[in-house]
Each structure stands twice: as C-alpha cells, then as structure tokens.
Amino acid sequence: MKFEMAEETHVKSNYRLSHFAAVIAVSFICYYNALHCGFVFDDISAIRDNKDLRPSTPLLNIFFNDFWGTPIHKEHSHKSYRPLCVLTFRINYALHQLNPWGYHLFNIILHVLVCVLYLRMCQLFLPATASFIAALLFAVHPIHTEAVTGIVGRAEILSSIFFLLAFLSYIKCSKSYLNTDRLQLCLCLFFIICATLSKEQGITVAGVCFLYELFIVQKLRFSDILQILQVFSTTKSSPSPWLRNMIVRLIVITGTAVCLLIARVKIMGAQLPVFTKFDNPAAASTFPVRQLTYNYLLPVNAWLLLFPSDLCCDWTMGTIPLVESIFDLRNFATLTFYCVLGAIVWVALKADTKHFQLLSVSLSLLVLPFLPASNLFFPVGFVVAERILYIPSMGFCLLVAYGWNLLYKKLGKKGIVVMLISVVIMFHSLKTVLRNNDWVSEKEIFAAGLKVNKRNAKLYNNVGHALESRGQFKEALEYFLQAAVVQADDIGAHMNVGRTYNNLKMYNEAETAFWKAKNLLPRARPGKAYQARIAPSHLNVFLNLANLISRNGTRLEEADALYRQAIGMRADYIQAYINRGDILIKLNRTTEAQEVYEKALQLDNKNPDIYYNLGVVYLEQSKLSDALTYFDKALELDPEHEQALMNSAILIQESGNLQKRKTAYDRLYKLLKKGKTNERIYFNLGMLAMDDKEVQLAEKWFKKAIEMKKNFRSALFNLALLLSDDHRPLEAVPFLKQLLKHYPEHIKGLILLGDVYINHLKDLDAAQKCYEKILGLDPTNIQAIHNLCVVYVERGLLQYAEACLLKAVSLAPKEEYLLRHLAIVQARIRKQKGEDESMSTKSSDFSQVQPSPSSMTKVFQSTLQQVSSIPSSSIELSHNIVYSESPSVQTSSQVQLPIDNVTIER
C-alpha cells in the first residue's frame, strides 16, 4: 500500500514537472520571433532617449525621475514612477547598449517566469490539468503582445512577477489561520513594495491579499463580516486568537499599502500629470458623457480578453467615439457587461465554499489590478491600453480554466471539451506569433493600427514620423495631412505638417501650418495658471515657429518675442530659454543671453545644453578659459555631448596647452567611436597632428575630411600647405586646383599656387596670372604685389619690378624687407646703366637676400550655427582659425627676392 502511494506521488510530481516544462517551452516559442523586433513607439522615449540608462548618469537618478527620465517634480513629467523597471533597462544598456535584441530577450525571459509563477498559483486553486490550461492560455494570450514584445511593457511583466510572489508569500504566511509565518509576511511586504516600484498597479496585490484573508483563509461570507463588526462594536472582550491574527495581518498589509500611497503622492508632488483631450477625450467631457463613455470602456476591455482579434497599439483620440446619449446602442454593451459580472458575483455568493473561494480569487485578480487604469476614479492618459490587461488576464484565464474544468467533469464527451480549448490555445498562439511581427518597426506597428482603426489621428501622425525618420518627407506629409483632416483641432498634427514642409524647404507653407497650430492653443483663463491647461509638447509650436522665422535675419526680434511668450506661459520651459539665448547671441546681446542661460540653470542645474551654451556665450565674449570651463561642465553631466566634445577639443588645440592636448585627441577619437564621422572631426584631428609636426598623420586626417566633403575649403588649403612645407609641392597642386575650382577667389590658395609655379614648375605666366587675379580682388594685397615683383625680376624686367616695389612701399612704408628689396633692384638698375658686369655676379648678390621671419599670429573667430532639427536642443559653434609660422618658401638660385609666405587656414 505504501509502495502504491509513493508511486502515485512520483507520477503526480512528474506530471506537474511536465506541465511546467510545457508552459516554459510554449511561452518562449510564442515570443521567439519578437527577438528581431526593434525599438518602437514608447521604447524610443523610455530607452533610446532616456539618459537615466547611461552609466554616466548617477544611479540614484532613477529614484527621482519618472519612467521617461524626466524629474518627477516637474509639471511636464508623466508622473509614472517605476524605478525598478528603469533599473532593468539600465542593466540591459550596461550589457549591450542599444541593441534591441537583448531587451526583447529579457522581456521574454520575464514573461516565462510570470507564466511559471502563475501556474504555481493556479495549482493552489484548481486541479492539475485545469491549472495547466489556465497557464497555457495566459502564456499565449495575444493581449499580452504589447506588454511582452513592446519593451516598455516590461513594467507590467516585472510588476506581475512581484505581484505573484507577494500573493504566494501571503498564502504561505497565512497557511494556518491561528498563526502567522512572520518571515513570509515580511517577504510579502517586500514584494508588494517591489511590485509598486515596478509599476503603480502593483499595489493592488495588497487588496488581493486582503480579500484572500477574508474569503479563503477565514472562509468568511459577507454576513460573517457584518456579524464580526457588530460584535466588535458591542463587546470589550479581547478577540479570539484566529481573529487577532487576521486583524494583525490585515493591518500590516493595509498599512503598507497606505504608506506606499502616501509616499507615491509625495514623490509625485500631489499633482496629477497634464493630459490633453486627445489623450483621453472623455476626461474633457461633462456629465453624463464622461460617465457613459468610461463605463462603456469596461465591455471594450472585456471583449479584448474574450476575442483578441482587432488589436491596436494606440486607442486614444477618436478611436472610441464618446457615448453622448443614454440612447446610444453601445450602452447595451455596458448593461450586458454589468449583468454578466453581477451574475458571476451572484453565483459566487450562492456557491459552496470551494467554488466561492475560487471565484473570489478570480474576480479579485480580474477586477482589482484593472481599477487604477479604469478611469472610474481618476483620469489616466489613455482610453484603452492592452498592456494594462496583463495582470487582470490572470483572473480571466483562471475563470476560463475553472469553467472548462466544470464542463469537462459534467459533459460526457470530454474529447470535445479538450478539443475546443486546444483550438482556442492554438489560435491564440498563432495570433500572438503574427502580432509580434507588427512590432518589427514603427511603420509596421502604426500601419497595423490603421488597419483596425482609421479614426485615430495619432496613428497617422506616427506612421508619418516613421517615414520622416527614413527621410521620406513627401510620403510622411501625406499622413500628417490626413491626421489633420481626421482631427482638425489636433495641434500636434499641424505641427508635424509644418515641420515636414520645413524639411521640404517649403518655408511659407511651414509657417502657415505652425501659425494654425499656435492659434489652436487654448486661451488663458483669468486667475488660472496657463501651463496647467496645455500639454508641454504643444508648447513646442513656439520653438518650431521661432526657429523657422529666425532663418530670416530681419525677423530675429519676432522670434525672440515668441520665445518670451512661451516662457510667459510656462516659466520652467527650459528649451525656450535655451533657444532664446541663441537668438540673443545672434542679435549680439550676449549679456542678455548670459542672463537667460543663468536663469535656465536655476531651473535645471543638471542640463548639459545650458552649460554648453553658456560656454558659447563666453566664447563670443572672447573669454576662452571660461568657455572651456563650461564645455567641460557640460561633458561632466553628459560625457557624450557631441558639440561640447568637438568644440572643447578645438579650444584646447587653440590654447596651445600641451598638458591637455591628449584630452583634445581623446574627445575627437570618442566622437569617431560614436560613429560621428563628419569632416569637422577629421579636420580638427589634422590640425592637432599638424601642430605636433606629425605630417603623415595630419595628411591622413585632412584627406579623410576632403573625402567626406570635396569642397572643404580649410582642409584643402591646409593639406596643400602641409605638402608644400614637406618639400612635396607638386603633390599640393591638385588640392590647390580643387580648392580654386570651388573657391576661385581664395587669395591664400592663389598665393601658394603662384609660389609653386615660380619655384618648382618654372611657369612664370601662370604665377603672374595668380598674382594679378589676387590684385583684381584686393589691389592693396602686399603679398601679391611683392610676389608679382619677384616675377618681374625673374623675367629681367627691372623697371617693372622697381615700379611694383615702389607701389608696395607706398602701401606698407614700414616693411623693412620691401625697402631693402627696392634698394637692391634700384642698385641693379644703376649698375646696368653704368657698368657692363656679368649677370652671374649680380645674381649672386641677390641670392644673399633672406626673407624676414614671419611672426606668429592667431585669429579666432566664431559663429553660431542653428541646429537643423525643430525645435533645436542647443546651438552649435563653428570655429575659423588662422594659424601661421611656417618655414619660408624656398626660392630658386635665379630669384633674388623671396616670395611672401602664406599661413595655415582654419
């Protein structure tokens, strides 16, 4: 007998292990094709653009910022506080940066773990086979694709893990209604906290534990609860041990939940996030439209669980039209939903203890986690979101498995019952696999949404964004225009239209679209803060419009007025301060620009763009050391700040500080490693190498710069000069010709080419043309006049040379070398007239003339270049540097006068 019992236990153990193995395999296989998906939709903001994931950002920032990396105390914060989820993203980033494959794999593993924990929980309430059915249905349910395949859905999955662990721990701690396992209770509290820090709805597990204590542990009914309350109110005697233990557990659970709520409100700043009527149209409606619509959303969500066919990544805006009348036929769906829910509750109340307990657990899992996102108590930022059904679907799958188990036991044809649930699981699995493919890219997911819903302007906008990111502006414009038709008052759609027109260089149409968007902004109400009534993203219309009109230098004051208006609407609008500072610099009001940036620093002293732009202001004021200090501060906050990396490296190179030259190299190489292979990086590496006399390295970098930009003026000239100084003048000629092809009036290039023609190619005609062309551009150019004199000497035209040098001396009477060369020419003329001497003797006299050494000069100029994107995040500095002190140009033995040398161009 004992042997038979042991064998039966062994079979059951293997049976359960096979169930776990099957659930693990099925849940992984269903989402295997999600591994090739990229970052889409909210993944972009939460992962790719979230600085809290970067190792350079302090780890503690995740506890002070929202899910998207915005300080949670700021008004434009989404107020979603999920630090544990962000921590897992940070771990992903540390392992493989922005490779989406790793993020998707992590999500799938977490989903598998949830399925295993869910199966374990089901086994506590259902028979083994029914538990297996519930777990399989949960593992493959298509409603979960947004939570599993969408990377930001990790918040739901991670919260679900801690949710189930908390519930399982509470079940263990209350196994005996007379005693409490304190360790398990402490674990339960820990998991409740973790669930809440993963996603806000995780706190509802406390409510599930509360109901479990009443209806399962104590086996109470509502009549029993009323009787206990009555006894408490009429007697002063101490409660019995079972009642005392129950009260202690419930107080601990309830107290933890209340403390978490208080902490959550305190962190949030006791302020709800700002949502627009486009995010949740019913929230902006009045009674009874709001109530009718919100109640109708309950059967909509229930239908998605029952028949997950038409899935959509975004249900906002006009997806679900408002229920504006009690005669709307959709109210029948609401009534039906409440009738079915009421019937289930009624059956539960009338059922025996076993069925009552199972239905209680199922309903608590189905209803309680859904309530925070139901809009019934407070508005949320969406109408319907498939991902928030992840935990409620646990209760739904438990109910389905329970009903299937009843049918399996009562119906004679058990094979049909098994076949039906198998078909459901199979079709759900197929739908999940197919739905995963929609999340491959942004264009795919939003295009799939449009197949289900053509009333949502946001979907048209997002398809347009996906096309815009690929540079397909004309195609994107079609979707943006359609969005503006579907939702004529959608400010974002008109902004998108304007931005796309701007990208297509249709500036008049862009300005018209931006003005239309601006005019749709709500008007200020007396006595009310404007910023509380407008979505932060909509204020970007001021930035877009101001950036556009600032292209016209005569309209800078108008652009400044727009920025001031934006700041007036929202005093903490950092981006408006940054862009306004740019305009003030262009207006040469650098003191005001400095004040604007310093005001922005008071609002956000962790913003690297502000420090960078302050550096630009100091650069404009020729305070180079201060500029470098602010560039370094920007890099301290954001070591990846590209403009600060570039321009700080240039400043270091210009400062001549040998100790910091390695830093300049490191910063430029860092840009190369980031894949920022633009010509400016190569050029500045060439300048550093040129300063270090690394000729071959400088040549390599200049050539790379020219490969990327064929008409790169400074790179072409400096490479030619480098080759000439390295005694390779003939190699310099092609680059000089390429330079003069693009810039025919480049004076230094003409001088250097003339030098090569005289000294190396012996082409005096070509040299003379170069110098005469310079004098046609600048008749007072001393270098060109002097070198033309040398040509005359080479030709033996001493009278012309004398006249030429007299002109040069009249323009620069203090230049000693001109006076000396004039005296030599005049002496030679006198000797030709008075004596008959050999030309070789005279040539030897001339050959002893040495050029005066050139002095080191540096000229630093800076201009501000507007970032092309609208709105711009910061301003960019470009440097033009003239650098000299190169060896004198060698002259042939036949030339008596040295040619004026040219200087490096920056």
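Relative protection proxy for 146-156, 240-250, from highest mean packing down: 146-156, 240-250 (other beta-carbon atoms within 10 angstrom). Per residue, the average separation of C-alpha pairs within less than 8 Å and at least 6 apart gives the chain a relative contact order of 8 percent. Over all orientations, region 175-227 has a Cα convex hull whose mean projected area works out to 4.2 square nanometres. For Lys831 and Ile91, the difference between the fully extended length at 0.36 nm per residue and the C-alpha to C-alpha distance is 257.6 nm. Counted as membrane-span-like here are DSSP H helices of the chain whose alpha-carbon atoms extend 15 Å or more along the helix's own axis and whose Kyte-Doolittle mean is 1.6 or above; these are 128-140, 182-198. Computed extension length for Lys762-Arg589: 57.0 nm, one decimal, from 0.36 nm per residue of separation with the Cα-Cα distance subtracted. Values of log10 I(q)/I(0) for region 652-707 across q = 0.16, 0.24 Å⁻¹ run -0.43, -0.93, by the Debye formula with one identical scatterer at each alpha carbon and no solvent. Extents of region 559-634, taken as max minus min of Cα coordinates on every principal axis and listed largest first, are 36, 27, 13 Å. Helix content alone sets the calculated 222 nm mean residue ellipticity of the chain: runs of n ≥ 4 DSSP H residues at -39500 (n - 2.57) each, divided across all residues, give -20500 deg cm²/dmol. The mean of 1/r over all pairs of different alpha-carbon atoms in region 640-762, once inverted, gives a Kirkwood hydrodynamic radius of 15.0 Å. Residue pairs exceeding 32 angstrom between C-alpha atoms, taken from Lys474/Lys674; Lys219/Lys266; Lys458/Lys599; Lys710/Lys769; Lys79/Lys354; Lys762/Lys833: Lys219/Lys266; Lys458/Lys599; Lys79/Lys354.
Each peptide in 742-749, 47-54, 347-354 gets a packing score, the mean of other Cβ atoms within 10 Å over its residues, and the list from highest to lowest is 47-54, 742-749, 347-354. Our estimate of slack between Thr336 and Leu811, defined as 0.36 nm per intervening residue step minus the Cα-Cα distance, is 161.1 nm. For region 599-699, what is the relative contact order in percent, using Cα pairs closer than 8 Å and at least 6 residues apart in sequence? Relative contact order comes out at 17 percent. Using a cutoff of 8 angstrom between alpha carbon atoms and counting only pairs six or more residues apart, the relative contact order for region 673-773 works out to 17 percent. The Cα-based radius of gyration and maximum Cα-Cα distance (Dmax) for the chain are 38.6, 144 Å.
Its Cα centre serving as origin, the chain has a Cβ charge dipole (Lys and Arg +1, Asp and Glu -1) of approximately 2960 debye.
Taken per residue, the accessible surface of region 362-409 reaches 30 Å², heavy atoms only and a 1.4 Å probe. Here the alpha carbons of region 79-170 define both size measures, Rg and Dmax, at 14.4, 45 Å.
In the structure shown, the pairs Lys662/Lys693; Lys443/Lys518; Lys606/Lys660 are assessed against 21 Å; a Cα-Cα span above that value is assigned to Lys443/Lys518; Lys606/Lys660. The calculated FRET efficiency for the pair Phe190 and Trp101, based on their C-beta separation and a Förster distance of 51 Å, comes to about 0.95.
Accessible area per residue (1.4 Å probe, heavy atoms of protein chains only) ranks Trp68, Trp346 as Trp346, Trp68, with the largest value leading.
The values are calculated or read from the model by the stated rules, or taken from the named source; none is laboratory data. Just so we're clear, the structure is a prediction, and the values are computed from it rather than from any experiment. When we count neighbours, we look across all protein chains shown, and the Cβ atoms used for this are built from the backbone with ideal geometry, even at glycine. Note: accessible area is taken over every heavy atom of the protein model, side chains too, but ligands, DNA and RNA are not part of it. Shrake-Rupley method; radii C 1.70, N 1.55, O 1.52, S 1.80 Å.
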